[in-house]
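Comments concern the structure below.
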Amino acid sequence: MVTGELLTRARAGDGEAFRQLTDPFRRELQVHCYRMLGSLQDAEDALQDTLLAAWQALDGFEGRASLRTWLYRIATNRCLNARRAASRRPAKQWDIPHIEPPEPTGFGDIVWLEPFPDTLLAGPGPEAGYERHEAVSLAFVTALQVLPPRQVAVLILRDVLDFRATEVADMLDASVESVNSALKRARAGVRRKLRASDPPPADSPAERAIVARFTRAWEAADLTALVALLTDDVFISMPPMPLEYEGRAAAERFCGAILNGGRRFDLVPTRANGQPAFGTYLRGTTGVRHGTGLYVLTLSGDRISGMARFENTVLPWFGLPRSLPQR
C-alpha cells in the first residue's frame, strides 16, 4: 500500500522516498520488460525509462489504481514503443574460431534473444495462468517475440500477471473487446510456436540426474553419450547467430563440430530462465580455461529437447568469470 507520507515526500522531490515506493516492484517490472523484449539489456533500459517516467509523472498519479498497476502501465507502454522502434540487434556471422559450422536445418529470426539469470527473478508470484518456470522459459519468451507487440502485452498482462481485462484496457487505452480479441489471437499464436515439454521440477533428483549425465558427456567429449540424452526433435539455437539445428542428426553434427579436434571443456553450472545452464570453458594449453559461451538446456522428461548457446559476453550476468585458472 502506498503511504501518503512517502508519496508526498516523493512528489516534493525526495528521491529516497521515491526509491522506497518503487523498489518493491523493480524485480517484477524487470522480468515483465524482459518477457516483452526478449533481451536483458533492453529490459534494463526499459526499466530505467519506466522509473524515470514515473518520477517525472508522479504528480499525475491520482491513486485510482494501485501504484503497481500504474507502474506496469508505464513499463508496458515503454516496451511497446521499443518493440515498434524495431531497433533490434543484427544477426552475427559464425565466429567460433577453428570450427567449421555444420549445415544448419534453418535460420532463426529471433537473434536478439538473451538469457535471464535466475538470481534476478522476482519472488513467488505474480504468475497466474502459467507456472513460474513456464512464464520465463526460453521457449515462452521466444514465442512471444514473434507475436505483434500489442498481443504480447495483452497475453502477459492477462495470462501471466492476472490483471483484469478492464485494467489491461485502461493500461493500453483500448476497449475491453479489443483486449479480449487480442488475447484470443495471442493464445493461439503462442500455442502454435511452443513445443510440448514436460520438464522435471527444478533442482529435483530427476533434473540433477540429467544435468550430471550431460556434464559428464560434454566434459569427456563423449558424443555417443551426449546424443543419447537428446530427444528425436531436439532443437539447438545460437543467438545472436541465426543458425538452427533441429533433430537428433543435426544436433549430433553440431555437437560433433564443437567437440572435434581434441577440444575439451569444463562446465560451470548456473541457472537461466528457470532452466539448467552452464558456462563452458575451453581447456587451453597453458592450463587456463577460457569462457566460450553459455548453454541453456530445455528438458523434457528424462531427455534434453533444446539447447540454446549464447556468447561469452553473458557470463558476467551469471557471476561467472571470463576465464578459470589452472587446476
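Please pick out the residue among ARG192, ARG213 that is of a type outside the set (Asp, Glu) and exposed (fewer than 13 other Cβ atoms within 10 Å of the Cβ). Give the steps one after another, and end with the answer.
Numbers: ARG213 fails: exposed (fewer than 13 other Cβ atoms within 10 Å of the Cβ).
Just one listed residue meets the conditions, ARG192.
Is at least one residue of region 216-231 assigned to a strand (DSSP E or B), open to solvent by less than 10 Å² (accessible area, probe 1.4 Å) and of a type in the set (A, V, I, L, M)?
Yes.
Scanning region 239-255 for residues that are open to solvent by 30 Å² or more (accessible area, probe 1.4 Å) and assigned to a strand (DSSP E or B), which turns out farthest from PHE310 (Cα to Cα)?
GLU246
Name the pairs: first residue in region 141-160 and over 14 Å from TYR34 (Cα atoms), second residue open to solvent by 20 Å² or more (accessible area, probe 1.4 Å), Cβ to Cβ under 6 Å, at least 6 apart or on different chains?
GLN151/ARG185; ASP159/GLY129
Every residue, every condition in (1) modelled with pLDDT of 95 or more; (2) in a loop (DSSP other than H, G, I, E, B), yes or no:
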residue: PRO97; (1), (2): no, yes
residue: PRO104; (1), (2): yes, yes
residue: PRO126; (1), (2): no, yes
residue: VAL154; (1), (2): yes, no
residue: THR166; (1), (2): yes, no
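It is to be established whether one or more residues within region 302-311 are open to solvent by 10 Å² or more (accessible area, probe 1.4 Å) and more than 24 Å from PRO200 (Cβ to Cβ).
Checked against the condition, which is being open to solvent by 10 Å² or more (accessible area, probe 1.4 Å) and more than 24 Å from PRO200 (Cβ to Cβ), region 302-311 yields at least one hit.
Could you tell me which of the residues GLU207, GLU114 is under 30 Å from LEU243 (Cβ atoms), outside any helix (DSSP H, G or I), at pLDDT 95 or above and out of contact with any Lys or Arg (no Cβ under 9 Å at 6 or more places or on another chain)?
GLU114
Which fully enclosed helices (runs of 4 or more DSSP H) of region 1-75 have 3 or more residues being surrounded by fewer than 19 Cβ atoms within 10 Å (Cβ to Cβ) and in contact with a Leu (Cβ under 9 Å, 6 or more places away or on another chain)?
Fully inside region 1-75 and qualifying: 4-11, 15-37.
What number of residues in region 168-181 are over 13 Å from ALA153 (Cβ atoms) and in a helix (DSSP H, G or I)?
Result for region 168-181: 4.
So THR119 clears everything in (1) open to solvent by less than 70 Å² (accessible area, probe 1.4 Å); (2) closer than 24 Å to ALA135 by Cα except one condition, right? Which one?
Going through (1) open to solvent by less than 70 Å² (accessible area, probe 1.4 Å); (2) closer than 24 Å to ALA135 by Cα one by one, THR119 breaks only (1).
Could you please tell me which pairs satisfy a Cβ distance under 7 Å, a separation of 6+ or placement on different chains, a first residue in region 1-22 that is farther than 13 Å from GLY63 by Cα, and a second residue that is crowded, with 17+ Cβ neighbours inside 10 Å and of a type outside the set (A, V, I, L, M)?
So the pair list comes out as ALA10/PHE18; ALA17/ARG9.
Which numbered condition trips up LEU282, out of (1) of a type in the set (A, V, I, L, M, F, W, C); (2) crowded, with 22+ Cβ neighbours inside 10 Å; (3) touching a Ser or Thr at 6+ places or on another chain (Cβ under 8 Å)?
In the conditions (1) of a type in the set (A, V, I, L, M, F, W, C); (2) crowded, with 22+ Cβ neighbours inside 10 Å; (3) touching a Ser or Thr at 6+ places or on another chain (Cβ under 8 Å), LEU282 misses (2) alone.
Please verify whether ARG271 is buried (at least 20 other Cβ atoms within 10 Å of the Cβ), basic (Lys, Arg) and within 22 Å of LEU320 (Cα to Cα), treating the condition exactly as stated.
no
For region 231-253, which residues satisfy the criterion of being farther than 26 Å from GLN93 by Cβ and in contact (Cβ under 8 Å) with a residue 24 or more places away in the chain?
Result: THR231, ASP233.
For (1) free of Cβ contacts under 8 Å to residues at least 60 places away in the same chain; (2) touching a His at 6+ places or on another chain (Cβ under 6 Å), each residue gets a yes or a no:
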{"residue": "ARG283", "(1), (2)": "yes, no"}
{"residue": "ARG289", "(1), (2)": "yes, no"}
{"residue": "VAL296", "(1), (2)": "no, no"}
{"residue": "SER323", "(1), (2)": "yes, yes"}
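The values are calculated or read from the model by the stated rules, or taken from the named source; none is laboratory data. Note that the coordinates shown come from a computational prediction; the quantities given were computed from them, not determined experimentally. Neighbour counts are summed over all protein chains in view; Cβ atoms, including those assigned to glycine, are modelled from backbone coordinates with ideal geometry. To get the accessible areas, we keep the full protein, side chains included, count just its heavy atoms, and leave off ligands, DNA and RNA. Shrake-Rupley method; radii C 1.70, N 1.55, O 1.52, S 1.80 Å.
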